[in-house]
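The block underneath contains the structure these notes are about, expressed in structure tokens.
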Amino acid sequence: MFAAEIFMHRFLLTSPVRTLNPEEADWFYTPVYTTCDLTPNGLPLPFKSPRMMRSAIQLISSNWPYWNRTEGADHFFVVPHDFGACFHYQEEKAIERGILPLLQRATLVQTFGQRNHVCLKEGSITIPPYAPPQKMHAHLIPEKTPRSIFVYFRGLFYDVGNDPEGGYYARGARAAVWENFKDNPLFDISTEHPTTYYEDMQRAVFCLCPLGWAPWSPRLVEAVIFGCIPVIIADDIVLPFADAIPWEEIGVFLDEKDVANLDTILTSIPLEMILRKQRLLANPSMKQAMLFPQPAQPGDAFHQVLNGLARKLPHDRSVYLKAGEKILNWTAGPVGDLKPW
């Protein structure tokens with residue numbers, strides 16, 4: 001789900017918007033692959049990412065003049081960690097670290113989006129997490145299959161390893177789902193991840209998309225692709241590509257404090273509204289906007305990112321620095337982040 005960084009790079013290498021003449025360029029892109037620094041279990045390890053990113057910026061600013069002209073204001077980076085360029089999976093520590101100072105002027109393309117949060121700066125482009133298009137398409141079932149599951153969810157309710165006392169993970173929202181509805185016959189919820197997971201989502205009316213360590217998750221993508229109405233439980237979430245996807249019309253938004261009333265809220269939605277949401281979800285262009293397919297296709301997530309970048313043009317003349325002018329502080333941030341990569 002962190003692979004958008006890699007697929008965006010592959011797309012740009014062969015995209016007609018790419019130029020080999022830097023003087024023609026509106027934007028500069030630097031692939032860094034911070035999400036490929038992994039634990040032995042294959043999970044992203046964000047703690048050294050600031051050092052990787054600093055080293056990459058040091059490289060491009062030392063070898064070419066383009067970074068130094070704007071100190072990154074005409075550069076963009078893909079940072080699909082839990083909390084983007086704050087580079088930590090726990091919110092408290094991500095907030096404490098803040099966005100890497102050297103990226104303060106750059107445009108960040110990131111999965112994390114939450115209003116009024118230190119890890120989402122103005123001008124960022126929020127994208128969906130990566131979900132494998134071919135794998136999902138291989139599990140499609142006939143469209144007319146009855147949706148016999150009312151509410152569906154598979155995933156953790158507690159993260160005992162990282163949050164042994166409970167309540168911190170998902171701000172307690174997932175735990176509240178489990179404690180209130182584990183025995184409710186309308187709710188098909190479990191920590192088990194069956195081989196029929198994708199098929200089950202296509203048989204469900206509502207798919208829960210609660211926050212985890214971060215507000216976003218691949219379930220948002222999966223719900224849209226499989227026509228399951230996403231029930232979004234993540235206060236102040238900023239969703240991807242709002243100009244292409246009418247989230248308010250296709251989804252159900254629930255405040256985290258109201259999880260205990262989830263059954264009452266969902267059962268009170270009129271059938272006409274449910275059918276309308278399902279009709280909107282059936283729109284192929286909406287599904288396309290959530291995917292990073294290989295090869296790229298018109299209207300897909302790659303092109304939504306390009307649209308977002310295009311809307312920020314032309315760059316204001318004020319972003320270009322005078323000769324010798326410096327704005328960024330290269331020594332700002334935690335001491336550990338200043339070590340060479």
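Within the option set MET286, MET273, being in the same structural domain as ARG203 (by the TED database), over 18 Å from VAL109 (Cβ atoms) and modelled with pLDDT of 95 or more holds for one residue only, MET273.
Taking the conditions (1) on the phi > 0 side of the Ramachandran plot; (2) open to solvent by 30 Å² or more (accessible area, probe 1.4 Å); (3) of a type in the set (A, V, I, L, M, F, W, C) in turn, PHE241 satisfies each one other than (2).
Here are ARG54, ARG105: which of them is at pLDDT 95 or above, open to solvent by 10 Å² or more (accessible area, probe 1.4 Å) and over 20 Å from PRO340 (Cα atoms)?
Details: ARG54 fails: over 20 Å from PRO340 (Cα atoms).
Unique residue meeting the criteria: ARG105.
Within region 210-255, can you find the residues that are in a loop (DSSP other than H, G, I, E, B) and of a type in the set (Val, Ile, Thr)? Of everything in region 210-255, those that are in a loop (DSSP other than H, G, I, E, B) and of a type in the set (Val, Ile, Thr) turn out to be VAL238, ILE245.
The combined condition, being of a type in the set (Lys, Arg), within 25 Å of LEU328 (Cα to Cα) and out of contact with any helix residue (DSSP H, G or I) (no Cβ under 7 Å at 6 or more places or on another chain), is fulfilled by LYS121. From the list MET290, MET286, the lone residue that is part of a loop (DSSP other than H, G, I, E, B), open to solvent by less than 40 Å² (accessible area, probe 1.4 Å) and among the aliphatic types (A, V, I, L, M) is MET290.
Between LEU280, LEU321, the distinction of being in a loop (DSSP other than H, G, I, E, B), touching a helix residue (DSSP H, G or I) at 6+ places or on another chain (Cβ under 7 Å) and surrounded by 12 or more Cβ atoms within 10 Å (Cβ to Cβ) belongs to LEU321 only. Looking across region 27-43 at every residue that is among the hydroxyl-bearing types (Ser, Thr, Tyr) and not in a loop (DSSP other than H, G, I, E, B), the one that is most open to solvent (accessible area, probe 1.4 Å) is identified as TYR29.
Residue by residue, here is whether (1) open to solvent by less than 50 Å² (accessible area, probe 1.4 Å); (2) over 30 Å from LYS135 (Cβ atoms) holds:
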| position | (1), (2) |
| --- | --- |
| ALA4 | yes, no |
| ARG10 | no, no |
| THR14 | no, no |
| PRO22 | yes, yes |
| ALA25 | yes, yes |
| LEU45 | yes, no |
| PRO65 | no, yes |
| ASN68 | no, yes |
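The values are calculated or read from the model by the stated rules, or taken from the named source; none is laboratory data. Remember, predicted model here, so these are calculated numbers, not experimental data. Ideal geometry is used to build each Cβ from the backbone, glycine not excepted, and the neighbour counts take in all protein chains shown. Keep in mind that these areas ignore ligands, DNA and RNA; they rest on the heavy atoms of the full protein, side chains included. Shrake-Rupley method; radii C 1.70, N 1.55, O 1.52, S 1.80 Å.
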